[in-house]
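The values are calculated or read from the model by the stated rules, or taken from the named source; none is laboratory data. The model shown is predicted, which means the values in this text are computed figures rather than measured ones. Every residue, glycine as well, gets a Cβ built from its backbone with ideal geometry; the counts of neighbours run over all protein chains shown. For the accessible areas, the whole protein counts, side chains as well, though only heavy atoms, and no ligand, DNA or RNA atoms are used. Shrake-Rupley method; radii C 1.70, N 1.55, O 1.52, S 1.80 Å.
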Amino acid sequence: MVCAGADLPLMPLPQTAAPETGQLEITGAFSISLVGAGAADDRVHGSLDRIFTRIQRQTGIPMQRRIVADNPAASLRIVVGRKDHKSPQRLGDDESYSLRVVNGQAQLSAAAPLGVLRGIETFLQLIQQNEAVAGQSKPGFSVPGVTIQDSPRFGWRGLSLDVSRHFLTVADVERTLDGMAAVKLNVLHWHLSDDQGFRVESKKYPKLQEVASEGNYYTQAQIQDVIAHARGLGIRVIPEIDMPGHAAAIVAAYPALAAGPGPQSVAHNFGVLTRLMDPTKEATYRFLDGLIAEMAKLFADDYFHIGGDEVEPTEWNQNADIQAFMRQHGMSDAKQLQSYFSQKVVKIVISHGKRVAGWDEILQPDLPKAVVVQSWRGQKSLWQAASEGYDGILSAGYYLDLMHPASEHYAIDPMRLPPASADQAATNEAAPAALTPEQRKHILGGEAAMWEELAVSENLDAKLWPRLAAIAERLWSPETVTDTDSMYRRLAITNRWLEYLGLSQRSSLVQMRQRLAGSFPRGPLDTFSTILEPVKGYERNSEKYLTEMPLNRLVDALPPESDAGREFSNKVDAYLAQSGEARKNDARSKQELLRQLAAWQKSAEDVRPMMQANGLLTADLPLADTVESLCRVAQEAISRLDSGSGDAKWKQEATSELETALRHQDDMLIRVAPAVQKLVNAVPGA
């Protein structure tokens, strides 16, 4: 069989799919039968309620919970081959399943309960309006005939979620888990401590919530509720307590642990701070032993993440006692001191029955082979770890907070080395050019990362979705699934479908723009916003922000990627790819481009009164001027291309105007500016 994913509204794409005859109509009489040795699994039973709830939400068809005995007439027959082990979900548990829909009935079969959970998400994604599925005129919803055989490419497919910079509620986390399960992600890496807060209750060290959390933390009962919610969705929860850096909140609560002078305080600013734990004191390790013991009991997963990234050693270098310790133990630099610290912490974690995970800075000589190395610096550090016998997961290229488009994340593969920059080459010189089959087994998968300096509960979903679904596909689907156009077509469908689950990646931004519009009609601001994106990477300097500053400007009410801008750019490329005569005769494409430009130009005119009235938007008045000017330049360029007339003076003036449009303004980019530049460049100079 071959994968027919381009014809199916699925993300991630399955390993194989083939069409079958007929389709399953979704009606109020929908029923499920559940059979097999593993049918009694509580996760499977919990998923049945979700099926009825989500079908009703998606279709509007009233549903009753119809669970029938092994009945060949049931709409959906679920077969669970075996019981699962009694211990918590583990890396490597069987997630494979098969789904067959033929002649009005469906059967979902899996060897183990976890496969059922994955197959249910595929089944629910396949439910589409009849017109969208088969071009029928009959109203309603159905599942197309298909046979799917599916299993994940990687066993570790996760999201690292930072709740320290800006605290997220239990509802935020559980909503995120719902979305993760929908696209078959299976690990929540919960970043619970950083300079700006320690977010989990400790009964042994109560100052961690009394001082280090500043009132925003999860009780242990809430942690247990989240873990239970995740388990029901087939998602493991791994805690991260970052150390010895990113420790300002911990040392504020327990100053005796600090490497630097007091008094210490929880950080309200961002960036790589210098506040570190003192790795030379035995009291530090007694504290960590007690804390890790408590957290190891609270979190059932096999793995415990100790952070270890971005240790800025100023405090170690300026502390006379630490320097004396290093000389006594023959340590020449801070890297060796961190290695000493990591080895002691790894032993503590192992003593409490856990495997250790850490960011790739912990990869130093003598690190135990049982440690999982998480690479944020690039595939080369991941491959270096794998070549040395360490299991590893990739996060480099999957940083959602950088606001890169889905296509860039989609192009990153843990098993392929991209061309390295000079800086990457310098920091990863030991990485191999290729991995042996045995070394490749050490690459467990990957994790997207969402750091919260510039995200809060209100716009969290928009920062995560739908781009996280593209990363999920990269980690689940075959390596050969790389068609970006297909990905974007299915991502648009998936984006709408995810909101049926209760996610708010679109609606939350609409509400934010409504607040900005105030008493003015919101429509012009919405249209104006469609071609804007936040700046990329770290151009938006988070160091000028504080934790308590509101994120309520226009840039905060934008999705990371402008769909309208990308589509316009694609149309410009197609328009310019034609020969001059063909382009001149292509009135339809020309009029479509001009129509869009006129709409954006008008929106730029219409938002001015709103911007003048609202102090949060006043700084964007020059941006409106630039958009209006850019649209005029683009319209003139199309006219000149149509007539074939050149004008060197006009082209020089247009190029000058483009220089402004190509620069970011108030932390925003005009997504269509590069496409307009192509139009101008194509105009003859004389």
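Looking at TYR545, TYR500, TYR488, which is the one that is over 30 Å from LEU126 (Cβ atoms) and aromatic (Phe, Trp, Tyr)? Write out each step before concluding.
Numbers: TYR500 fails: over 30 Å from LEU126 (Cβ atoms); TYR488 fails: over 30 Å from LEU126 (Cβ atoms).
Result: TYR545 is the single residue among TYR545, TYR500, TYR488 that is over 30 Å from LEU126 (Cβ atoms) and aromatic (Phe, Trp, Tyr).
Please find, among ALA300, ALA293, ALA320, the residue that is farther than 19 Å from ALA370 by Cβ and open to solvent by 20 Å² or more (accessible area, probe 1.4 Å). So that I can check it myself, show each step before the final result.
Working: ALA300 fails: farther than 19 Å from ALA370 by Cβ; ALA293 fails: farther than 19 Å from ALA370 by Cβ.
ALA320 is the lone residue from the list that is farther than 19 Å from ALA370 by Cβ and open to solvent by 20 Å² or more (accessible area, probe 1.4 Å).
Between a first residue in the stretch 297-326 that is free of Cβ contacts under 8 Å to residues at least 40 places away in the same chain and a second residue that is open to solvent by 10 Å² or more (accessible area, probe 1.4 Å), which pairs have beta carbons less than 6 Å apart while being 6 or more apart in sequence or on different chains?
Short answer, once both residue conditions are applied: PRO313/ALA334.
In the stretch 200-213, which residue that is open to solvent by 10 Å² or more (accessible area, probe 1.4 Å) and not in a helix (DSSP H, G or I) is nearest to LEU114 (Cα to Cα)? Spell out the reasoning first.
Within the stretch 200-213, the subset open to solvent by 10 Å² or more (accessible area, probe 1.4 Å) is 201, 203-207, 209-211.
Going one step further and asking which of them are not in a helix (DSSP H, G or I), we end up with 201, 203-206, 211.
Details: GLU201: 30, LYS203: 34, LYS204: 35, TYR205: 36, PRO206: 37, VAL211: 40 Å.
Looking at the filtered set, the residue picked out is GLU201.
Can you confirm whether the stretch 506-517 contains a residue that is modelled with pLDDT of 95 or more, under 24 Å from the mean Cα position of the chain (by Cα) and more than 27 Å from VAL183 (Cβ to Cβ)? Walk me through how you get there before you give the answer.
Applying the first criterion (modelled with pLDDT of 95 or more) to the stretch 506-517 yields 506-517.
After this cut, where a residue has to be under 24 Å from the mean Cα position of the chain (by Cα) as well, the list is 506-513.
Then drop every residue that is not more than 27 Å from VAL183 (Cβ to Cβ), which leaves none.
No.
When you scan the stretch 622-649, how many residues do you find that are under 34 Å from the mean Cα position of the chain (by Cα) and either over 17 Å from THR527 (Cβ atoms) or acidic (Asp, Glu) (or both)?
Result for the stretch 622-649: 3.
Picking from GLN64, GLN128, GLN58, GLN89, which residue would you name as being touching a Pro at 6+ places or on another chain (Cβ under 7 Å) and open to solvent by 10 Å² or more (accessible area, probe 1.4 Å)? Don't jump to the end; show me each part of the working.
Numbers: GLN64 fails: touching a Pro at 6+ places or on another chain (Cβ under 7 Å); GLN58 fails: touching a Pro at 6+ places or on another chain (Cβ under 7 Å); GLN89 fails: touching a Pro at 6+ places or on another chain (Cβ under 7 Å).
Going through GLN64, GLN128, GLN58, GLN89 in turn, just one is touching a Pro at 6+ places or on another chain (Cβ under 7 Å) and open to solvent by 10 Å² or more (accessible area, probe 1.4 Å): GLN128.
Please determine whether any residue of the stretch 384-392 is hydrophobic (A, V, I, L, M, F, W, C), in a helix (DSSP H, G or I) and out of contact with any strand residue (DSSP E or B) (no Cβ under 6 Å at 6 or more places or on another chain).
If we filter the stretch 384-392 for residues that are hydrophobic (A, V, I, L, M, F, W, C), which is where we start, we get 385-386.
So of that shortlist, the ones also in a helix (DSSP H, G or I) come out as 385-386.
Then keep just the ones that are out of contact with any strand residue (DSSP E or B) (no Cβ under 6 Å at 6 or more places or on another chain); that gives none.
Scanning the stretch 384-392 turns up no residue that is hydrophobic (A, V, I, L, M, F, W, C), in a helix (DSSP H, G or I) and out of contact with any strand residue (DSSP E or B) (no Cβ under 6 Å at 6 or more places or on another chain).
If I ask for residues that are part of a loop (DSSP other than H, G, I, E, B) and either open to solvent by less than 10 Å² (accessible area, probe 1.4 Å) or of a type in the set (Asp, Glu) (or both), which ones from the stretch 404-416 would you list?
Residues of the stretch 404-416 that are part of a loop (DSSP other than H, G, I, E, B), as a first pass: 404-405, 411-416.
Listed by number, the residues that qualify are ASP413, PRO414.
Starting from the stretch 221-235, keep only residues that are under 15 Å from GLU294 (Cβ atoms) and touching a residue at least 60 places away in the same chain (Cβ under 8 Å), then list their pairs with residues that are open to solvent by less than 60 Å² (accessible area, probe 1.4 Å) and part of a helix (DSSP H, G or I) whose Cβ atoms are within a distance under 6 Å, requiring at least 6 positions of separation or different chains.
ILE223/LEU298
What are the residue pairs meeting all of these: first residue in the stretch 1-30, first residue at positive phi, second residue at pLDDT below 95, Cβ atoms under 6 Å, and 6 or more apart or on different chains?
GLY22/ASN103; GLY22/GLY104
What's the total number of residues in the stretch 430-459 that are assigned to a strand (DSSP E or B) and under 14 Å from HIS404 (Cβ atoms)? Spell out how you get there, then give the answer.
Initial filter on the stretch 430-459 (assigned to a strand (DSSP E or B)): 443-450.
Filter once more, so that each one left must be under 14 Å from HIS404 (Cβ atoms): 448-450.
So the answer is 3.
Report, by residue number, each residue of the stretch 489-501 that is open to solvent by 30 Å² or more (accessible area, probe 1.4 Å) and either under 17 Å from the mean Cα position of the chain (by Cα) or closer than 25 Å to PHE568 by Cα (or both). Step through it out loud before you land on a result.
At the first step, the residues of the stretch 489-501 found to be open to solvent by 30 Å² or more (accessible area, probe 1.4 Å) are 489, 492-493, 496, 499-500.
ARG489, ALA492, ILE493, ARG496, GLU499, listed by residue number.
Across the stretch 481-513, which residue is farthest from LEU617 (Cα to Cα) among those that are touching a residue at least 24 places away in the same chain (Cβ under 8 Å) and of a type in the set (Val, Ile, Thr)?
Across the stretch 481-513, the extreme among qualifying residues is VAL481.
Have a look at GLU561, GLU567 and point out the one that is outside any helix (DSSP H, G or I) and either among the aromatic types (Phe, Trp, Tyr) or within 32 Å of the chain's Cα centre (by Cα) (or both). Working first, answer last.
Values: GLU567 fails: outside any helix (DSSP H, G or I).
After ruling out the rest, the residue left standing is GLU561.
In this structure, does LEU161 turn out to be under 24 Å from PHE270 (Cβ atoms) and buried (at least 24 other Cβ atoms within 10 Å of the Cβ)?
Working: under 24 Å from PHE270 (Cβ atoms): yes; buried (at least 24 other Cβ atoms within 10 Å of the Cβ): yes.
In short, yes.
Of the residues in the stretch 277-308, how many are outside any loop (DSSP other than H, G, I, E, B) and among the charged types (D, E, K, R)?
Residues flagged as outside any loop (DSSP other than H, G, I, E, B) and among the charged types (D, E, K, R) within the stretch 277-308 amount to 5.
Look through the stretch 92-120, keep the residues that are surrounded by fewer than 22 Cβ atoms within 10 Å (Cβ to Cβ) and within 25 Å of the chain's Cα centre (by Cα), and return whichever of them is farthest from ALA296 (Cα to Cα).
Checking each candidate, the answer is SER96.
Within the stretch 181-199, can you find the residues that are touching a helix residue (DSSP H, G or I) at 6+ places or on another chain (Cβ under 6 Å) and assigned to a loop (DSSP other than H, G, I, E, B)?
Listed by number, the residues that qualify are VAL183, LYS184, LEU185, ASP195.
So that you can scan it fast, the table gives a plain yes or no per residue for (1) modelled with pLDDT of 95 or more; (2) in a loop (DSSP other than H, G, I, E, B); (3) in contact with a Phe, Trp or Tyr (Cβ under 6 Å, 6 or more places away or on another chain); (4) surrounded by 17 or more Cβ atoms within 10 Å (Cβ to Cβ):
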| position | (1), (2), (3), (4) |
| --- | --- |
| ALA17 | yes, no, no, yes |
| THR21 | no, no, no, no |
| PHE30 | yes, yes, no, yes |
| ARG77 | yes, no, no, yes |
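Restricting to the stretch 32-51, name every residue that is open to solvent by 10 Å² or more (accessible area, probe 1.4 Å) and either part of a strand (DSSP E or B) or among the polar types (S, T, N, Q) (or both). Give the derivation first.
To start, the set of residues in the stretch 32-51 that are open to solvent by 10 Å² or more (accessible area, probe 1.4 Å) comprises 34-37, 39-43, 45-46, 49-50.
Answer for the stretch 32-51, where residues must be open to solvent by 10 Å² or more (accessible area, probe 1.4 Å) and either part of a strand (DSSP E or B) or among the polar types (S, T, N, Q) (or both): LEU34, VAL35.
Inside the stretch 589-686, counting only helices (runs of 4 or more DSSP H) that do not spill past its ends, which hold 3 or more residues that are within 30 Å of GLN578 (Cβ to Cβ) and open to solvent by 40 Å² or more (accessible area, probe 1.4 Å)? Break it down into steps so the answer makes sense when it comes.
Values: elements: 608-613, 621-643, 648-662, 673-682.
Of the helices (runs of 4 or more DSSP H) lying wholly inside the stretch 589-686, those with at least 3 residues that are within 30 Å of GLN578 (Cβ to Cβ) and open to solvent by 40 Å² or more (accessible area, probe 1.4 Å) span 621-643, 648-662, 673-682.
Are any of the residues in the stretch 535-546 open to solvent by 50 Å² or more (accessible area, probe 1.4 Å), at pLDDT 95 or above and either more than 30 Å from MET415 (Cβ to Cβ) or not in a helix (DSSP H, G or I) (or both)? Step through it out loud before you land on a result.
Our first condition is that a residue be open to solvent by 50 Å² or more (accessible area, probe 1.4 Å); within the stretch 535-546, this holds for 538-539, 541, 543-544, 546.
Filter once more, keeping what is at pLDDT 95 or above: none.
No, every residue in the stretch 535-546 fails to be open to solvent by 50 Å² or more (accessible area, probe 1.4 Å), at pLDDT 95 or above and either more than 30 Å from MET415 (Cβ to Cβ) or not in a helix (DSSP H, G or I) (or both).
Determine, yes or no, whether GLY38 is modelled with pLDDT under 95, in contact with a Pro (Cβ under 8 Å, 6 or more places away or on another chain) and of a type outside the set (S, T, N, Q). I'd like the intermediate steps shown before the answer.
Values: modelled with pLDDT under 95: yes; in contact with a Pro (Cβ under 8 Å, 6 or more places away or on another chain): yes; of a type outside the set (S, T, N, Q): yes.
Spelling it out, GLY38 is indeed modelled with pLDDT under 95, in contact with a Pro (Cβ under 8 Å, 6 or more places away or on another chain) and of a type outside the set (S, T, N, Q).
So, in the stretch 335-347, how many residues would count as being farther than 15 Å from GLY307 by Cα and crowded, with 19+ Cβ neighbours inside 10 Å?
Total meeting the criteria: 1.
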